[in-house]
Each structure stands twice: as C-alpha cells, then as structure tokens.
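Notes follow once the structure below has been shown.
The values are calculated or read from the model by the stated rules, or taken from the named source; none is laboratory data. Predicted model only: the values in this text are computed from it and were never measured. Because the Cβ atoms are built from the backbone with ideal geometry, glycine has one as well, and the counts that use them run over all protein chains shown. Areas reflect the complete protein model, heavy atoms only, side chains present, ligands, DNA and RNA absent. Shrake-Rupley method; radii C 1.70, N 1.55, O 1.52, S 1.80 Å.
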Amino acid sequence: MILKEEIAESYQRIQDEICQALEALDGGAKFEEELWEREGGGGGRTRIIQNGNILEKGGVNFSAVHGKLPETIKKAFGVDSEDFFATGVSIVIHPNNPHVPIIHMNIRYFELNDEVRWFGGGIDLTPHYVQEDDARYFHQTLKDVCDRHKDSFYEEFKTWADNYFFIKHRNETRGIGGVFYDKLTPEKTGLSYDEIFAFSCDLGRAFAPLYTELVNRHRDKTYTAAEKDWQLLRRGRYVEFNLVYDSGTRFGLETNGRIESILMSLPAQANWFYNFTPTADSEEAKTISLLRKGVNWV
C-alpha cells in the first residue's frame, strides 16, 4: 500500500513539472519559491509567478503538513483521532488577457491513521468569456482521464463540481465546472488506494498540456477596456467564492496554515461594479447564461 511519504514525493514532482511547463508557456516570467515550515509540523514550497507575458499572477503550491487536528475540523470530518497528515498541490492561475481563462487545480491526500485516509481534488475552469469549443475540449480531456480509471468517475465528479463551484448568493456557477471529488476511499470507489493515487497523479499531469492548449488558442487576441472591466468583475466573483465557500481556504485558516499560501488564489486586481447588468445578446450576457449547473459539454 502506498505510503504517505511516497505520495508527497510524487506530488512534489508534479509541482516541478507544472512549474516548468508554465514558465515555458509564459516565455518571460519565472516562479519565485519560498520554502516554509508550519508551526506544529511540516511545511511546503510556495511558488508564485507574476507580471508575465501571459500570466498576471499564479501560484503552484506544494505542502506536506502534520500535527494535531483542531476540534472544529474533527467535528466537520466526524472523527475522534487528532494526529493528521495532509499533502497536496494547489494551483490557481490568473491571466492578463480576458480571453484566456482562469484555471484551478488541486490534488490532495489526507490521513489520520490506517483506517481513516482519503484522496481529494479536481480541476475547474473559469473563463471570463465562455467559448463553447474550449468548454468541450476541456471537459472531454477530463472525461478521458476519468475514463482511464473508472467509467462512472466523470459524470459523478462533474456533477460534484457543478454543485461545489456554485456561488449561492449570486445563483451562478463560478465557471464551466470540471471535475471535483473528495474523501475517495476503496470502500467508495471499488479501487485500491494505489489505484486512487494513480488517478490523482494522472489528473495532476493533465493540467499542463490542457492549460497550454487553452492559452495558446487565445493569447494573442486583442481586447478592449470594456472587456478588461468585465474580466475584473468576473475576478470579483472568483474572490467571493474563495473567501466564502472554498473548503481548502477554511481548512488552511482553521489549521493555522500559512496565510500567504492560502490566499495566493486571489487575483492581483478585481472590481465590484454596483448592480452590473450586461447588455442583452452581448458576449457578457451569453457567458452569464452558461454559468449554471448541468450543462453537458461532452
């Protein structure tokens, strides 16, 4: 059975591979790395890229932390044990160009003991302007990854993503979804821990070629001041979700996580326009119409 140390080492390699791919994609900016230690146990590698040709701000973070689980988290998880270990890679990329989408990925592993351990993660896409060809390509790629491991994964995890990445107070999804899963175990999936881990790594390694393709489709498009304003408004929605609903943000804050690493998902700039209503039949209105659950892209 796969050991937590082996999982952490594999996730570190995936972080390295993704950072190299993103630097090549941007062609200018380089990641800055900060090594940190968590008070209570463990640490990580925060890597931030900023002010690039394509990437305005992005983070590709790795962590492997351990220690005592706070009472609030024990209650949320429904467990009595308190010695925990958690490792993962977390990514959020905010591009300069409004025609290039925001993307998020997370793969993670959590362990209390031999009986309580699970995998979680997912990838989702947040276009400022929804392009249907991009959405189909994105979802087909994720379906192909899921299908290599279990036929039911894509539909199950897509529905999970639609429900999870939902901004309730706006009654809209954060973007076009993707796949999301949590607390995967052999009992829930019929797969071994090693097989679930293989799926986790496969999904992680799908990130770089997937985002590279989407960026290259749109990186050279020109945009107007109005399109930039729309991008900043959509970023505001992204901020709202991450600060109000995101479980990873809550877990990090409640386990005394490193605040700079937790909040690296936020864009460098975002705006909130009072009562903004897009013009009928505009690209902005079309995008809003597609920010809903249950859209079948494949």
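Just checking, how many residues over the stretch 6-33 are under 18 Å from Val92 (Cα atoms), of a type outside the set (Ser, Thr, Tyr) and in contact (Cβ under 8 Å) with a residue 40 or more places away in the chain?
Selection size over the stretch 6-33: 9.
Hey, can you tell me all the residues within the stretch 235-247 that are within 14 Å of Asn171 (Cα to Cα) and either open to solvent by less than 30 Å² (accessible area, probe 1.4 Å) or at pLDDT 95 or above (or both)?
Passing the criteria: Arg237, Tyr238, Glu240, Phe241.
Within the stretch 177-187, can you find the residues that are touching a residue at least 40 places away in the same chain (Cβ under 8 Å), in contact with a helix residue (DSSP H, G or I) (Cβ under 7 Å, 6 or more places away or on another chain) and open to solvent by 10 Å² or more (accessible area, probe 1.4 Å)?
In the first step, residues of the stretch 177-187 are kept if they are touching a residue at least 40 places away in the same chain (Cβ under 8 Å); the result is 177-185.
Right, trim to in contact with a helix residue (DSSP H, G or I) (Cβ under 7 Å, 6 or more places away or on another chain) and you get 177-181, 184.
Passing the criteria: only Phe180.
What's the total number of residues in the stretch 17-40 that are open to solvent by 50 Å² or more (accessible area, probe 1.4 Å) and not in a loop (DSSP other than H, G, I, E, B)?
Kept after step one, since they are open to solvent by 50 Å² or more (accessible area, probe 1.4 Å), are these residues of the stretch 17-40: 17, 20, 24, 27, 30, 32-35, 37, 39-40.
Those still in the list that are not in a loop (DSSP other than H, G, I, E, B) too: 17, 20, 24, 32-35, 37.
Looking only at that region, the number is 8.
For the stretch 46-60, how many residues are assigned to a strand (DSSP E or B) and out of contact with any Leu (no Cβ under 6 Å at 6 or more places or on another chain)?
Number satisfying all stated conditions: 10.
Restricting to the stretch 138-154, name every residue that is outside any loop (DSSP other than H, G, I, E, B) and either of a type outside the set (D, E, K, R) or open to solvent by less than 10 Å² (accessible area, probe 1.4 Å) (or both).
Scanning the stretch 138-154 gives Phe138, His139, Gln140, Thr141, Leu142, Val145, Cys146, Phe153, Tyr154.
If a residue has to be among the hydroxyl-bearing types (Ser, Thr, Tyr) and open to solvent by 10 Å² or more (accessible area, probe 1.4 Å) to count, how many in the stretch 110-130 make the cut?
If we filter the stretch 110-130 for residues that are among the hydroxyl-bearing types (Ser, Thr, Tyr), which is where we start, we get 126, 129.
With open to solvent by 10 Å² or more (accessible area, probe 1.4 Å) added as a condition, the list becomes 129.
Total meeting the criteria: 1.
Can you tell me how many residues within the stretch 3-16 are open to solvent by 30 Å² or more (accessible area, probe 1.4 Å) and not in a loop (DSSP other than H, G, I, E, B)?
7
Out of the residues in the stretch 64-89 meeting the condition of being in contact with a helix residue (DSSP H, G or I) (Cβ under 7 Å, 6 or more places away or on another chain) and of a type in the set (Ser, Thr, Tyr), tell me which one is surrounded by the fewest Cβ atoms within 10 Å (Cβ to Cβ).
Top of the filtered list is Thr72.
Mind listing whichever residues of the stretch 262-298 are part of a loop (DSSP other than H, G, I, E, B), open to solvent by 60 Å² or more (accessible area, probe 1.4 Å) and within 18 Å of Arg170 (Cβ to Cβ)?
Listed by number, the residues that qualify are Trp272, Phe273, Tyr274, Asn275, Phe276, Thr277, Arg292, Lys293.
Across the stretch 182-226, what is the number of residues that are assigned to a helix (DSSP H, G or I) and among the charged types (D, E, K, R)?
Adding up the residues that qualify gives 8.
If we keep just the residues of the stretch 55-88 that are at pLDDT 95 or above and among the charged types (D, E, K, R), which is nearest to Phe251 (Cα to Cα)?
Looking at residues that are at pLDDT 95 or above and among the charged types (D, E, K, R), I get Lys57.
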